Amino acid sequence: MTYEQTIKKYAPLLKDVTHIPQKEVEILLLFVLDKNPIWLHLNYKKECECEDILAKLVKKRATDFPLEYITKRASFYGESFEVRENVLIPRPETEILVEKAEAILKDISNSKVVEIGVGTGIISVMLAKLIPDIKIIAVDINDHALALASLNAKKFGVEDKITFIKSDLFTNVPNIKIDMCISNPPYIENSFKLPKNVTFEPSNALFGGVKGDELLKNIIKETSKREIRFLCCEMGFDQKNSLSGYLKNFNPKKVEFYKDYENLDRGFVAWF
Ligand SMILES: C[S@@+](CC[C@H](N)C(=O)[O-])C[C@H]1O[C@@H](n2cnc3c(N)ncnc32)[C@H](O)[C@@H]1O
């Protein structure tokens with residue numbers, strides 16, 4: 001069977017888990033072959049000799065197991081990041097958070113940033129790539145996340161700009177002058193029933209407490225206490241009211257909420 005016929009044979013198995021089944025079989029095939037899409041385009045009519053391995057991966061994906069955990073890659077901000085099980089898969093809307101932070105940091109020389117909940121490292125690594133003289137302290141409670149973020153920092157050559165620390169929120173963050181805190185913390189309410197594909201991701205990267213915004217409130221409080229001037233956070237689409245009310249307790253100079261690509265409230269930037 002040719003590659004083209006093999007892709008057509010396996011695509012229907014993924015029709016219930018993705019709206020792009022053929023494309024996903026192609027991605028899995030390219031992962032197995034370690035080739036790029038141009039190569040596949042030029043070799044569609046050649047004999048496929050890896051059907052057994054491909055079939056196993058397609059069957060795994062058909063259980064709603066995330067594609068990114070199979071290929072160990074996710075694209076973010078036009079770059080390909082390493083991804084591993086036990087660490088949250090990057091979401092496209094987090095690019096907006098990076099843009100908001102970059103807009104502020106580009107005007108601050110020798111900026112110092114703390115990221116709470118680094119995960120794969122997408123936020124810290126992208127900021128380190130975008131801002132020449134930045135220094136970042138990136139923390140997480142998850143050892144797998146810290147190891148993976150460090151791997152991604154090395155992949156993009158920014159490991160000298162980021163210090164990784166195991167820390168529950170700010171607990172182990174040194175009390176030095178910091179310009180910005182940035183975070184995409186867990187913010188889903190504990191009782192929320194996750195879609196099946198998301199259940200494969202670590203729950204401590206997703207659930208933020210009984211209401212969901214508890215960690216965000218802790219981050220706001222500590223940012224204000226440490227006199228950090230800027231706070232950029234992602235949040236749940238229904239948390240704008242409670243967080244704008246809570247932020248008022250800390251007399252911010254300005255707060256701007258922003259929406260995601262689906263026009264849902266998704267985060268805020270606060271100036272203290
Ligand atoms: C929603 S994920 C975000 C990961 C990554 N920054 C991103 O945007 O894709 C939240 C991260 O916060 C970490 N986390 C959860 N609770 C934490 C805590 N109390 N202190 C530090 N990190 C925490 C999780 O392990 C997870 O990596």
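The residues listed here are E234, E201; of these, the one that is charged (D, E, K, R), in the same structural domain as I108 (by TED's automatic domain parsing), within 10 Å of the ligand (Cβ to nearest atom) and touching a strand residue (DSSP E or B) at 6+ places or on another chain (Cβ under 7 Å) is E234. Here P195 passes the criteria (1) surrounded by fewer than 18 Cβ atoms within 10 Å (Cβ to Cβ); (2) under 16 Å from R91 (Cα atoms); (3) within 14 Å of the ligand (Cβ to nearest atom) except the one numbered (3). Could you please let me know if K72 is outside the structural domain of P195 (by TED's automatic domain parsing) and touching a strand residue (DSSP E or B) at 6+ places or on another chain (Cβ under 8 Å)? Spelling it out, K72 is indeed outside the structural domain of P195 (by TED's automatic domain parsing) and touching a strand residue (DSSP E or B) at 6+ places or on another chain (Cβ under 8 Å).
You will find that of S75, S80, S109, the residue that is surrounded by fewer than 16 Cβ atoms within 10 Å (Cβ to Cβ) and more than 15 Å from the ligand (Cβ to nearest atom) is S109 and no other. With a requirement of 2 or more residues that are farther than 27 Å from E256 by Cα, the helices (runs of 4 or more DSSP H) lying completely within the range 57-145 that satisfy it span 67-71. The residue pairs whose first member lies in the range 145-159 and is assigned by TED's automatic domain parsing to the domain that holds I122 and at negative phi, whose second member is within 14 Å of the ligand (Cβ to nearest atom) and acidic (D, E), and whose beta carbons are closer than 6 Å, counting only pairs six or more residues apart or on different chains, are L146/D140; L151/E82; N152/E82. Residue check: G119 meets all listed conditions (1) more than 9 Å from the ligand (Cβ to nearest atom); (2) in contact (Cβ under 8 Å) with a residue 60 or more places away in the chain; (3) not hydroxyl-bearing (S, T, Y) but one, namely (1). Of the residues in the range 16-43, how many are charged (D, E, K, R) and closer than 11 Å to V58 by Cα? Total satisfying the criteria: 2. Of the residues in the range 166-184, at least one is in contact with a Ser or Thr (Cβ under 6 Å, 6 or more places away or on another chain), part of a loop (DSSP other than H, G, I, E, B) and more than 12 Å from the ligand (Cβ to nearest atom). Among the residues here, A55 does not qualify as over 30 Å from K135 (Cα atoms), crowded, with 18+ Cβ neighbours inside 10 Å and not assigned by TED's automatic domain parsing to the domain that holds K154. Checking the condition of a type in the set (A, V, I, L, M) and closer than 21 Å to T163 by Cβ, which residue from L97, L67 passes? That would be L97, the only listed residue that is of a type in the set (A, V, I, L, M) and closer than 21 Å to T163 by Cβ.
Rundown of residues vs (1) farther than 15 Å from I182 by Cα; (2) basic (K, R), yes/no style:
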| residue | (1), (2) |
| --- | --- |
| R226 | no, yes |
| F230 | no, no |
| M235 | no, no |
| S244 | yes, no |
| F250 | yes, no |
| K254 | yes, yes |
| Y261 | yes, no |
| R266 | no, yes |
| V269 | no, no |
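All conditions in (1) more than 9 Å from the ligand (Cβ to nearest atom); (2) within 17 Å of E234 (Cα to Cα); (3) among the small types (G, A, S) hold for S150, with the sole exception of (2). The one condition from (1) outside any helix (DSSP H, G or I); (2) at pLDDT 95 or above that I53 does not meet is (1).
The values are calculated or read from the model by the stated rules, or taken from the named source; none is laboratory data. Everything numeric in this text was worked out from a predicted model, so none of it was measured. For neighbour counting, all protein chains shown are included, and Cβ atoms are generated from backbone atoms with ideal geometry for every residue, glycine included.
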